[in-house]
Amino acid sequence: MEQDSFLGNRAVFRVSECFFPTKSLVAGDSARALPSEAPTHRFGSSGDDTIRAEPGPELIDGLDGTDLVDYSEHESSQLVQLPSVVPTIETDVQTPDQEESLVADRSGNSEANLFIDAPAHEVIDGHGGVDVVDYSRSSAGIRVTLAGENDAYVYVDGICQDVLRNIEGVVGTSLADELRGDDGVNVLIGNGGNDLIEGAGQGDLLMGGAGADIFVYRHLSDSSPQYQDFIADLNSLSGDRIDLSDFDGNVMREGFQPLVFSGDVPRVHSIWYQDDMDAGWGAGKVVADVNGDLEPDITIGVWEMSARQGKINVVLRHEVLGTDNDDILAATPERDLVDGLAGFDFLDLSESKKSLYIALSGSQDSIVFADGLSDDLVRNIEGIKSGSGNDVIKGDSLNNVIVGGAGDDILFGGEGQDILTGGSGSDRFVYNASLDSGDTILDFSVAEGDALDFGLTPAASLLHFSTDGPKAHAVWCVPGSPGKPALVLADINGDGAPDFTVTLLGLFSEEAPKVLLPGSSDATAALAPPVYKPREAGKNSVEESTLPVSAYDPVGEPDHVEDFVAGFAPLDVVGVGLSEGHISSDVELFS
């Protein structure tokens with residue numbers, strides 16, 4: 001890299017998006033200043049040496065072995081180049097004072113090099129070989145995404161510090177780091193702290209070190225069966241986990257289907273544990289099939305020292321968790337598992353512009369469909385606020401709060417005394433009058449075309465609408481007035497007394513609400529979940545796959561490996577969340 005001299009009192013050295021402040025150079029034409037005195041000769045031995053560089057010019061010859069030159073005691077930046085055969089004379093580049101450092105420039109050779117980070121801003125180019133930059137001395141966590149021969153920026157405590165080129169490995173700090181590799185083979189070592197480690201390319205060696213570390217995989221090519229990653233120290237006891245939440249469990253079908261766990265038994269669209277003792281290198285592998293051929297599409301090696309500790313935590317979806325209190329939870333842009341846990345919990349999807357389909361089912365998982373494609377999973381949610389699409393929302397047997405947004409929504413509270421809001425648009429409130437009574441609709445609007453739909457009521461009830469008040473097998477309306485809500489009532493058993501009641505707030509006119517009766521309603525079809533669709537040709541994420549479309553074949557509850565597999569501990573897959581509950585106290589529920 002060419003580095004010109006700077007004249008004047010102040011200059012800024014820029015390397016792409018990193019701005020490095022410097023002081024003026026006071027002598028020479030280049031940062032590569034020649035020594036003003038004869039260098040001191042220092043030699044290593046025939047073994048592996050650590051040579052501490054002293055002040056002043058030196059000629060350092062490590063001789064044989066793998067040798068390390070330590071500049072950590074120097075107060076100024078160093079420019080280090082390691083040519084293949086020609087020795088390099090190093091010297092300090094002096095500034096008018098030592099309060100600020102110059103930009104250092106360090107280059108490796110074609111061999112494997114280790115660069116130990118210094119406090120100065122640096123441009124480090126490894127050139128050939130497998131080169132590693134060690135940030136273990138840093139007092140703040142780092143974030144870096146390697147980029148091969150292109151510039152990779154190292155952020156220390158959020159501030160861009162170094163630029164790396166041709167670097168294949170990074171050693172993190174004792175704090176929380178984010179280490180991401182490139183398309184090549186990388187060595188990423190988190191060291192201490194709760195680290196996020198993503199090899200990206202295939203064939204990577206990954207180590208989290210101490211702390212609860214996350215090993216992230218996003219693409220099949222990140223760890224293929226032919227070029228698999230190896231995680232050397234996955235420790236479930238300290239909270240380490242493998243994140244596979246971005247993987248579609250069935251790439252042959254539109255939408256997103258999360259992987260399920262099948263123990264040590266290979267199953268289609270599943271993830272399982274595979275013993276690998278015969279390979280001679282470690283304990284086992286975590287493998288998954290996403291195209292339905294029962295062959296591994298992703299394979300992650302897990303070394304012996306971690307597999308012997310027991311279960312391995314695998315994230316199959318990002319979790320958004322509530323508390324034991326009443327929470328308002330917002331799903332993230334990821335495909336989430338939203339679990340309200342205890343209390344009355346409200347899921348806010350008001351930012352969605354897609355048409356949503358949601359059928360709550362208490363503590364059981366419910367799929368959220370967005371524009372007909374599966375998206376989030378929800379459980380233990382009692383309230384929903386939807387967005388601006390034409391949404392279909394079904395409650396469960398509890399007392400639900402369902403709030404539609406803009407759009408023509410279909411709301412079905414189900415059993416329980418529910419509070420429903422349609423929002424703007426022509427909304428439909430669906431009932432089985434023989435079961436669903438006691439709801440309150442907060443914004444029923446005749447002018448906007450809202451309707452009460454009794455299409456789920458058995459046709460044998462002979463239900464009809466009466467404009468003359470109570471009648472056998474009739475639906476009738478009692479108009480409201482300020483301070484007194486309107487009521488819609490129905491007699492199901494034929495005795496003329498109301499068996500069903502729904503309260504309509506804000507309906508003061510004598511005009512009767514629009515009512516859809518059995519035989520004139522498509523409520524059953526309207527409330528049916530979306531049908532899974534095969535992917536269009538050319539959109540299969542498994543390259544060059546010619547497999548037929550697989551039927552959806554859920555495997556039910558995850559299996560548990562009760563006994564050791566070939567002498568190794570059983571594997572459980574545990575959904576571990578990456579996101580804390582997104583709880584907001586300022587969401588307007590009924591706006």
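The values are calculated or read from the model by the stated rules, or taken from the named source; none is laboratory data. These numbers were taken from a predicted model, which means no experiment stands behind them. Because the Cβ atoms are built from the backbone with ideal geometry, glycine has one as well, and the counts that use them run over all protein chains shown.
Which members of the stretch 348-405 meet the condition of being in a loop (DSSP other than H, G, I, E, B), farther than 15 Å from Ser424 by Cα and of a type in the set (Lys, Arg)?
Lys354
With the structure loaded, tell me whether Ser245 is touching a residue at least 60 places away in the same chain (Cβ under 8 Å), small (Gly, Ala, Ser) and more than 18 Å from Ala176 (Cα to Cα) or whether it fails that test.
Details: touching a residue at least 60 places away in the same chain (Cβ under 8 Å): yes; small (Gly, Ala, Ser): yes; more than 18 Å from Ala176 (Cα to Cα): yes.
It is true that Ser245 is touching a residue at least 60 places away in the same chain (Cβ under 8 Å), small (Gly, Ala, Ser) and more than 18 Å from Ala176 (Cα to Cα).
Going by the conditions given, is Ser426 more than 35 Å from the chain's Cα centre (by Cα) and at pLDDT below 90? Show your work before the answer.
Details: more than 35 Å from the chain's Cα centre (by Cα): yes; at pLDDT below 90: no.
Here the answer is no, as Ser426 does not meet what is asked.
Can you tell which of Lys385, Lys394 is among the basic types (Lys, Arg) and surrounded by 24 or more Cβ atoms within 10 Å (Cβ to Cβ)? Give the steps one after another, and end with the answer.
Working: Lys394 fails: surrounded by 24 or more Cβ atoms within 10 Å (Cβ to Cβ).
Matching residue, one of Lys385, Lys394: Lys385.
Going by the conditions given, is Gly389 among the small types (Gly, Ala, Ser), under 22 Å from Asp522 (Cα atoms) and in the same structural domain as Ser374 (by TED's automatic domain parsing)?
Yes; evaluated as a whole, the condition is true for this residue.
Got a number for residues in the stretch 374-396 being aliphatic (A, V, I, L, M) and touching a Lys or Arg at 6+ places or on another chain (Cβ under 8 Å)? Working first, answer last.
The initial filter retains those residues of the stretch 374-396 that are aliphatic (A, V, I, L, M), namely 377-378, 381, 384, 392-393.
Narrowing the set further to residues that are touching a Lys or Arg at 6+ places or on another chain (Cβ under 8 Å) leaves 377.
Matching residues across the stretch 374-396 total 1.
Could you go through the stretch 207-225 and let me know if any residue there is closer than 22 Å to Pro296 by Cα, among the polar types (S, T, N, Q) and part of a loop (DSSP other than H, G, I, E, B).
Yes, the stretch 207-225 has at least one match.
Inspect the stretch 219-233 for any residue being in contact with a Leu (Cβ under 9 Å, 6 or more places away or on another chain) and of a type in the set (Gly, Ala, Ser) and give the result as yes or no.
Checking the stretch 219-233: at least one residue is in contact with a Leu (Cβ under 9 Å, 6 or more places away or on another chain) and of a type in the set (Gly, Ala, Ser).
With the condition kept exactly as written, say whether any residue in the stretch 231-246 is over 22 Å from Gly190 (Cβ atoms) and assigned to a loop (DSSP other than H, G, I, E, B).
Scanning the stretch 231-246, I find no residue that is over 22 Å from Gly190 (Cβ atoms) and assigned to a loop (DSSP other than H, G, I, E, B), so the answer is no.
Suppose the filter is farther than 21 Å from Asp243 by Cβ and crowded, with 21+ Cβ neighbours inside 10 Å; does Gln161 pass it?
Working: farther than 21 Å from Asp243 by Cβ: yes; crowded, with 21+ Cβ neighbours inside 10 Å: yes.
Here the answer is yes, as Gln161 does meet what is asked.
Which number in (1) buried (at least 21 other Cβ atoms within 10 Å of the Cβ); (2) within 20 Å of the chain's Cα centre (by Cα) marks the one condition that His219 misses?
So His219 meets the others, but not (1).
Which residue is nearest to Val392 (Cα to Cα), if the candidates are limited to the stretch 432-450 and must be surrounded by fewer than 19 Cβ atoms within 10 Å (Cβ to Cβ) and more than 40 Å from the chain's Cα centre (by Cα)? Please lay out each step first, then the result.
Narrowing the stretch 432-450 to residues surrounded by fewer than 19 Cβ atoms within 10 Å (Cβ to Cβ): 434-435, 438, 440, 442, 445-449.
Add one more test, that the residue is more than 40 Å from the chain's Cα centre (by Cα), and what stays is 434-435, 438, 445-447, 449.
Numbers: Ser434: 21, Leu435: 20, Gly438: 20, Ser445: 18, Val446: 20, Ala447: 21, Gly449: 17 Å.
Here the residue is Gly449.
Say we look at the stretch 377-417 and pick out the residues that are among the hydroxyl-bearing types (Ser, Thr, Tyr) and farther than 19 Å from Ala342 by Cα; which of these is nearest to the chain's Cα centre (by Cα)?
Keep residues of the stretch 377-417 that are among the hydroxyl-bearing types (Ser, Thr, Tyr), which gives 386, 388, 397.
Still in the running and farther than 19 Å from Ala342 by Cα: 386, 388.
On the way: Ser386: 22, Ser388: 25 Å.
It comes out as Ser386.
Look through Ile197, Ile124 and report the one residue that is closer than 24 Å to Gly209 by Cβ, touching a strand residue (DSSP E or B) at 6+ places or on another chain (Cβ under 6 Å), in the same structural domain as Asp222 (by TED's automatic domain parsing) and modelled with pLDDT under 85. Lay out the reasoning, then the answer.
On the way: Ile197 fails: modelled with pLDDT under 85.
After ruling out the rest, the residue left standing is Ile124.
Given (1) surrounded by fewer than 24 Cβ atoms within 10 Å (Cβ to Cβ); (2) farther than 22 Å from Leu294 by Cβ, where does Leu259 come up short, assuming only one miss?
(2)
Condition first: in a loop (DSSP other than H, G, I, E, B), in contact with a Pro (Cβ under 9 Å, 6 or more places away or on another chain) and surrounded by fewer than 18 Cβ atoms within 10 Å (Cβ to Cβ). Now tell me which residues in the stretch 468-494 satisfy that.
Correct list: Pro470 only.
Please go through the stretch 176-190 and give me each residue that is touching a residue at least 24 places away in the same chain (Cβ under 8 Å), buried (at least 23 other Cβ atoms within 10 Å of the Cβ) and closer than 24 Å to Gly129 by Cα, ordered by number. Before you say what the answer is, go through the steps one by one.
We begin by selecting, within the stretch 176-190, every residue touching a residue at least 24 places away in the same chain (Cβ under 8 Å); these are 176-187.
Next, from what is left, pick out any that are buried (at least 23 other Cβ atoms within 10 Å of the Cβ): 177, 179, 181, 186.
Those that are touching a residue at least 24 places away in the same chain (Cβ under 8 Å), buried (at least 23 other Cβ atoms within 10 Å of the Cβ) and closer than 24 Å to Gly129 by Cα: Leu179, Gly181, Asn186.
Can you tell me which residue is modelled with the highest pLDDT among those in the stretch 267-276 that are surrounded by fewer than 23 Cβ atoms within 10 Å (Cβ to Cβ) and of a type outside the set (A, V, I, L, M, F, W, C)?
Arg267
Which one of Gly414, Gly455, Gly469 is of a type outside the set (A, V, I, L, M) and at pLDDT 90 or above? Walk me through it before giving the result.
On the way: Gly455 fails: at pLDDT 90 or above; Gly469 fails: at pLDDT 90 or above.
Result of the check over Gly414, Gly455, Gly469: Gly414.
Has the stretch 138-150 got at least one residue that is closer than 19 Å to Ala232 by Cα, in a strand (DSSP E or B) and either modelled with pLDDT under 95 or of a type in the set (Asp, Glu) (or both)? Step through it out loud before you land on a result.
Taking the stretch 138-150 first, the residues closer than 19 Å to Ala232 by Cα are none.
No, the conditions are met nowhere in the stretch 138-150.
Any idea which of Asp243, Asp264, Asp213, Asp233 is surrounded by fewer than 23 Cβ atoms within 10 Å (Cβ to Cβ) and closer than 19 Å to Glu319 by Cα?
Working: Asp264 fails: closer than 19 Å to Glu319 by Cα; Asp213 fails: surrounded by fewer than 23 Cβ atoms within 10 Å (Cβ to Cβ); Asp233 fails: closer than 19 Å to Glu319 by Cα.
Of the residues listed, the single one that is surrounded by fewer than 23 Cβ atoms within 10 Å (Cβ to Cβ) and closer than 19 Å to Glu319 by Cα is Asp243.
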